[in-house]
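Below: the structure, in structure tokens.
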Amino acid sequence: MIRTLIGMALAASFAAAPALAQDTKISLGFSGWTGFAPLTLAKGAGIFQKNGLDVNLVKIPQKDRHLAMASGDIQCAATTVETWIVWNANGIPAKQIFQLDKSYGADGMVVRNTINSIKDLKGKTVAASAPGTAPYFTLAWFLKKNGLSVKDVTVANMEPGPAAQAFLAGQNDAAMTYEPYLSNVRDKPEAGKIIATTLDYPMILDTVGCTPKFLAENPKAAKALADSYFEAVEMIAKDPAKSHEIMGADVKQSGEQFAKSASFLRWQDRAANKAFFAGEFQTFSAEAADLLLEIGVIRKKPDLATIVDTSFIQ
């Protein structure tokens with residue numbers, strides 16, 4: 001009888017105890033680009049976990065990131081604004097939910113010292129990622145602003161890191177790359193020079209987006225993802241030394257080296273996000289979509305109003 005009463009009491013206590021909440025799992029595709037680093041900080045500093053998320057950050061080349069999203073291997077990704085246009089136009093539905101950064105010289109074109117202007121690249125070979133990626137789009141943007149097109153150059157498809165390494169090794173006439181690789185060329189002027197960056201042509205704007213299915217099924221997790229990013233940006237401001245150390249470790253840089261790379265971009269806090277999506281986003285997206293059509297990366301523009309959901313930054 002006593003055993004029965006004890007058993008009943010234990011059963012009642014277990015029934016009354018709150019169930020342990022499990023963190024929502026998210027796989028997010030990104031790269032070693034400096035602008036994405038607050039995501040690695042949010043993971044490394046425990047911000048994601050504190051906010052009820054179990055985030056798996058997966059490094060996937062930009063040219064393959066949409067395939068991972070289409071297959072369900074990842075639910076979210078970090079990439080440039082125009083890339084979301086490409087993915088949606090090509091049947092990979094996704095919505096941007098918050099802005100990560102703006103490039104202020106962190107993306108650029110490096111050329112041999114004998115090349116004095118972008119117009120001099122006509123007939124030359126430029127290393128850049130495949131069509132549909134940010135470096136390829138940046139190349140097309142820079143060329144268009146100087147009266148040329150991608151048809152006027154030979155494009156050697158290489159990712160930003162290998163493109164910079166090949167350039168320093170004497171291959172190709174020019175290359176499209178970004179931080180931290182761009183600084184490798186800054187440090188070796190005998191190999192070549194940086195002829196243009198996003199200071200000259202401000203057009204690299206990074207955002208995080210997710211599949212419509214994930215957003216519909218996990219709105220609280222999507223909000224927590226955005227909030228975690230904003231917390232990471234706040235941590236960078238409050239404790240830059242520790243933050244730079246955590247973020248630098250992911251790309252094999254010291255805290256000081258990472259800080260130098262990060263000086264060429266601006267991470268966007270909640271207020272900056274609200275301002276961006278209230279006007280600049282629409283203007284840039286429209287111009288980007290026109291250029292993507294012109295260079296044949298997309299055949300039809302998607303409805304730009306349907307590839308963003310700003311409810312998660314409120």
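The values are calculated or read from the model by the stated rules, or taken from the named source; none is laboratory data. Computed from a predicted model, the values in this text were never measured in an experiment. Neighbour counts are summed over all protein chains in view; Cβ atoms, including those assigned to glycine, are modelled from backbone coordinates with ideal geometry.
For the range 40-67, filtered to residues that are within 14 Å of Thr133 (Cβ to Cβ) and of a type in the set (A, V, I, L, M), the residue that is surrounded by the fewest Cβ atoms within 10 Å (Cβ to Cβ) is Leu67. Of all residues being at pLDDT 95 or above and of a type in the set (Asp, Glu) in the range 90-146, which is farthest from the chain's Cα centre (by Cα)? Just the residue, please. Within the range 90-146, the match that is farthest from the chain's Cα centre (by Cα) is Asp120. Leu291 is checked against (1) surrounded by 14 or more Cβ atoms within 10 Å (Cβ to Cβ); (2) modelled with pLDDT of 95 or more; (3) within 20 Å of Pro38 (Cβ to Cβ) and fails just one. What number does that condition carry? If we test Leu291 against (1) surrounded by 14 or more Cβ atoms within 10 Å (Cβ to Cβ); (2) modelled with pLDDT of 95 or more; (3) within 20 Å of Pro38 (Cβ to Cβ), just (3) comes out false. Just one residue in the set Thr177, Thr138, Thr133, Thr198 is in contact with a helix residue (DSSP H, G or I) (Cβ under 6 Å, 6 or more places away or on another chain) and either free of Cβ contacts under 8 Å to residues at least 12 places away in the same chain or closer than 29 Å to Phe312 by Cβ (or both); that residue is Thr133. The residues of the range 168-192 that are modelled with pLDDT under 95, out of contact with any Phe, Trp or Tyr (no Cβ under 9 Å at 6 or more places or on another chain) and surrounded by 18 or more Cβ atoms within 10 Å (Cβ to Cβ) amount to a single one, Tyr181. Residue by residue through the range 262-308, note down the ones that are within 25 Å of Leu41 (Cβ to Cβ) and part of a loop (DSSP other than H, G, I, E, B). Scanning the range 262-308 gives Ser263, Phe264, Gln268, Asp269.
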